[in-house]
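Right, one structure below, let's go through it.
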Amino acid sequence: MLEFTPSRVTCRAGNVVKHAGGDVVVGQEAAPLTRHLRVHQDGGHTVLEFRGEIDIAAAAEIGPHLDALTGHPGCRIVIDLRPVEFFDCSGLRLLHRARHRVHVHGGRLALVCAHPLTLRILRITGLSRLLPPQPTLEAALGRPGAASGSH
C-alpha cells in the first residue's frame, strides 16, 4: 500500500520516499512498535522513545521489544523519556533491565529525561547514578557541542 502526498510517498513497511533535487531518497521513518514505544536509528544508536503513561500495562507491551533490542553484543541504545507523561516503578524496572542487559552484552546505554518528577524518582531510587539522565537526545548521543549533564 502506498500513500501519496505532494512531496512524499509512504509504503506499508514504513519506508519514506522523498524527492531531493530530482533524486529519490528512501529512508526509514520511525514507526511505533506499540502504543508506548517508538524506535528509530540515529547516528549508529537505536533510540527507544517511551511514550505516554509508563505503568505496568505499558511495561508489559514494551518489555519484549526492549529485550530484543538490548540483547546484541555491543549494542548502542538511547532511551528517551521526554514524551512520557507518567512514570512509575514499572518504568524503573524497564530501565534497570535495559541497563543490565546492555552492560552484559558490552554495549552502551544512555538516558534522556528532562521531566522534574521523573528525574526526582530516578534520583531517589539511585538509578540516576547508574544511568545518568541527559537533558537532550543530542547530549545522550554524545554529539560535540551538545549540552550535557545529569540531574
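Things to note:
- Boolean, residue 132 is at pLDDT below 95, under 27 Å from residue 143 (Cβ atoms) and surrounded by fewer than 20 Cβ atoms within 10 Å (Cβ to Cβ): no
- Of all residues in segment 96-112, those that are among the aliphatic types (A, V, I, L, M) and either loosely packed, with under 15 Cβ neighbours inside 10 Å or farther than 12 Å from residue 130 by Cα (or both) total 3.
- Enumerated helices (runs of 4 or more DSSP H) restricted to segment 47-151, each holding at least 3 residues that are touching a Leu at 6+ places or on another chain (Cβ under 9 Å), closer than 24 Å to residue 34 by Cβ and not hydrophobic (A, V, I, L, M, F, W, C): 56-69, 89-104
- Flag if residue 143 is modelled with pLDDT under 95 and of a type outside the set (Gly, Ala, Ser): yes
The values are calculated or read from the model by the stated rules, or taken from the named source; none is laboratory data. Nothing here was measured: the structure is a model prediction, and the numbers come from that model. Counting neighbours? That spans all protein chains shown, and the Cβs are built from the backbone with ideal geometry, glycine included.
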